[in-house]
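The structure under discussion appears below in the form of structure tokens.
The values are calculated or read from the model by the stated rules, or taken from the named source; none is laboratory data. This one's a predicted model, so the numbers in the text were calculated from it and none came from an experiment. Using ideal geometry, Cβ is built from the backbone for each residue, glycine included, and neighbour counts are taken over all protein chains shown. Accessible surface is based on the protein model in full, side chains and every heavy atom, while ligands, DNA and RNA are left aside. Shrake-Rupley method; radii C 1.70, N 1.55, O 1.52, S 1.80 Å.
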Amino acid sequence: MGSVAPRAHVVVVPFPAQGHVAPLMQLARLLHARGAHVTFVHTQFNYRRLLRAKGEAAVRLSAPGFRVEVIDDGLSLSVPQHDVSTLVDSVRRNCLDPFRALLKRLADEEEEGVPPVTCVVADVVMTFAPAAARETGIPEAQFFTASACGLLGYFEYDELLKRGLVPFNDASCLTNGYLDTPLEWVPGMGHMRLKDMPAFCRTTDPDDVMVAVTLEQMKSAVGSKAIILNTFYELEKDVVDALAAFFPPVYTVGPLAEVIASSAPADNADLGAIDISIWQEDRQCLAWLDGKADKSVVYVNFGSVAVMTASQTREFALGLASCGFPFLWVKRPDVVDGEEAALPEAFLDEVARGGGLVVSWCPQAAVLNHAAVGLFVTHCGWNSLLEATVAGLPVLGWPVFAEQTTNCRQVCECWRNGVELPEEVESRAVVGLVKEMMAGDLGKGKRAKAAEWKAAAEGATMKGGSSWRSIERLVDVVLQVWSK
Ligand code: UDP
């Protein structure tokens, strides 16, 4: 199973955002380690931002049988990363022809020793890539980089429309209790409410771009030959089983970083140096954590895309300043949307006396696994939740957009390893829930659950575990069956 196929050539196409590029790069490196020739395709938007931040040497690294290509997406660098609808729409409008041209060029290169393309593995968001692959008869698999519950949430947009629940009648639906509408009919997750569905459906516009592209993406995914999910079966069993009724074979291969660690042969070390983040990591925060007692620090990070208002920032700052625990807040330079107000004196005093640290970007996996960290305040981005699961840390969720709401509902109702902050966040709620989670019975219960999920993740990713077996099957299909 999973042995080297000398003629396999896999073209890997991530959506241009850190939470997408990282898992697709992990999968690309794994396929390369198993003997595939890999072409990893950035779009210009992400590539130019990476170049600007880190320089060509860090970004366009190649190794024998692995190279990076770039296609045009028509996006200007002035588009902010959090303007997801512009990114998604531009990619969908502009990338098909450049990607077709790339596939053609790769076919023409055959004579120069590059094997013909045998498979395209595309991010579910990048619908142009499977479309181009199908035109030329190349098998394609699709990688949904978020949770199984997120995928099912997006899949149910069609049903939300059919049932007349979306689009909303008017903006009052956001505040009049309509979002509490129970969705007991959703298979595998009947505890969802309208407010828990991926948040792009909160629209009054019958022609909403994100709803339209979601329908397109789901249609494309349903027609794919395989769906790859960076989750593990034990964590999302009910949902994965429900997905099986609608989707092609689903491979649950996560958390990928852990599966790779227990999967032979070893990765090409040169490729480990490829940089996929536009931010500079502050490693000083690890030394700062070294000076703190075990499980005493509240770690706050809202990922690479989410933004918040100045007043929400202030509420978090006030809450952290008076929660009674040291805090590490990773506050991206672009995390505040609009004009940033001065942070409260109490917060600045706390930082000045060493009770809190604010940095722009951190090595998150290392922080989550640091003994001093006791709680993760998170936007519930899927990579962050997976990393928290691996670290066995309880979470305090404050979902911002996309399927973060769905993930957070699962945290609270299903996995029970965390609780949610109110959407209209206030410092009092931050103080109350941080205290409860760090020192109260609530936290004790959530920590116990987090420890159970950590053990389950270890079981799934070790040799013979569910994700390990799934990756072996996937490698076999992609590198052997499809390359014949
Ligand atoms: N991340 C990091 N350092 C930071 C913030 C985030 O390394 O300071 C990484 C984090 O470990 C995760 C990814 O960025 O792998 C964020 O992905 P996620 O799906 O959690 O959220 P998104 O950024 O897509 O909203």
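At a glance:
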{"read-out": "Computed lengthening from Val481 to Ala371, 0.36 nm per intervening residue step minus Cα-Cα distance", "value": "35.2 nm"}
{"read-out": "Prolate/oblate/rounded call for region 52-145, Cα gyration tensor, a/c under 1.5 rounded", "value": "oblate"}
{"read-out": "Label point distance in nm, Ser76-Asp275, each placed 7 Å from Cα along Cα→Cβ", "value": "2.6 nm"}
{"read-out": "Residue-level accessible surface for Glu109, protein heavy atoms, 1.4 Å, Å²", "value": "20 Å²"}
{"read-out": "Within the chain, helix-based [θ] at 222 nm, where runs of 4 or more DSSP H residues each add -39,500 (n - 2.57), nearest 500", "value": "-12000 deg cm²/dmol"}
{"read-out": "Inter-label distance, nm, simple model (7 Å from Cα along the C-beta direction), Glu436/Thr136", "value": "5.5 nm"}
{"read-out": "Additional length obtainable on full extension of the chain from Thr204 to Ala429, 0.36 nm per residue less Cα span", "value": "78.0 nm"}
{"read-out": "Nearest-0.05 FRET efficiency for Ala212 and Glu112, computed from C-beta distance (R0 56 Å)", "value": "0.85"}
{"read-out": "Over region 79-202, relative contact order from alpha-carbon pairs under 8 Å, at least 6 apart, %", "value": "16 percent"}
{"read-out": "Magnitude of the charge dipole, the chain, Cβ model with Lys/Arg +1 and Asp/Glu -1, debye to 20", "value": "980 debye"}
{"read-out": "R0 of 60 Å, Cβ-Cβ distance Trp185-Ala352: FRET efficiency to nearest 0.05", "value": "0.65"}
{"read-out": "For Gly418, residues with placed amide H under 5 Å, excluding near neighbours", "value": "Val395"}
{"read-out": "Val84 accessible area, 1.4 Å probe, all protein chains in place, Å² to nearest 10", "value": "20 Å²"}
{"read-out": "Between helix 441-461 and the chain: long-axis angle, C-alpha atoms, 0 to 90°, nearest 10", "value": "10 degrees"}
{"read-out": "Region 89-129 shape via C-alpha gyration tensor axes, a/c threshold 1.5", "value": "oblate"}
{"read-out": "Calculated from backbone phi, Karplus (6.51, -1.76, 1.60) coupling profile of region 421-434 in Hz, x at Gly/Pro", "value": "7, x, 4, 7, 5, 10, 4, 4, 5, 4, 4, x, 6, 4"}
{"read-out": "Mean separation of Cα contacts under 8 Å, 6 or more apart, over the residue count of the chain: relative contact order %", "value": "17 percent"}
{"read-out": "Contact order relative to length of region 316-416, as percent, for alpha carbon pairs under 8 angstrom and 6 or more apart", "value": "22 percent"}
{"read-out": "Antiparallel DSSP beta bridges within region 1-147, as percent of all bridges there, nearest 5", "value": "5 percent"}
{"read-out": "Packing-based order for 422-434, 374-386, 148-160, 175-187, using average beta carbon neighbours within 10 Å, highest first", "value": "374-386, 148-160, 422-434, 175-187"}
{"read-out": "Residues in region 367-395 reached by a label modelled at Leu286 [backbone nitrogen below 12 Å; 7 Å Cα→Cβ]", "value": "367-371"}
{"read-out": "Out-of-range pairs (alpha-carbon distance over 29 Å; input Lys162/Lys454; Lys292/Lys444; Lys219/Lys463; Lys195/Lys219; Lys237/Lys331; Lys104/Lys463)", "value": "Lys162/Lys454; Lys219/Lys463; Lys237/Lys331; Lys104/Lys463"}
{"read-out": "Of all accessible heavy-atom area on the chain, the percent that carbon and sulfur account for (1.4 Å)", "value": "52 percent"}
{"read-out": "Residue (of Gly55, Phe40, Leu96) at the positive-pole extreme of region 1-148, dipole from beta-carbon charges", "value": "Gly55"}
{"read-out": "Distance (nanometres) between label positions extended 7 Å along Cα→Cβ at Asp334 and Glu458", "value": "3.9 nm"}
{"read-out": "Bridge type composition, the chain - antiparallel percent by DSSP, nearest 5", "value": "5 percent"}
{"read-out": "Region 159-195-region 458-484 distance, computed between alpha-carbon centres (Å)", "value": "37 Å"}
{"read-out": "Potential extension, Ala261-Asp83 segment - 0.36 nm per residue separation minus Cα distance", "value": "60.7 nm"}
{"read-out": "Rounded, prolate or oblate (a/c below 1.5 giving rounded, otherwise prolate when a/b exceeds b/c) for the chain by Cα gyration tensor", "value": "prolate"}
{"read-out": "Ordering of 334-343, 119-128, 192-201 by burial proxy (mean other Cβ atoms within 10 Å per residue, highest first)", "value": "119-128, 192-201, 334-343"}
{"read-out": "Rounded to whole Hz, the Karplus (6.51, -1.76, 1.60) HN-Hα couplings of region 64-78, x for glycine and proline", "value": "x, x, 9, 8, 9, 10, 10, 10, 6, 10, x, 9, 8, 5, 6"}
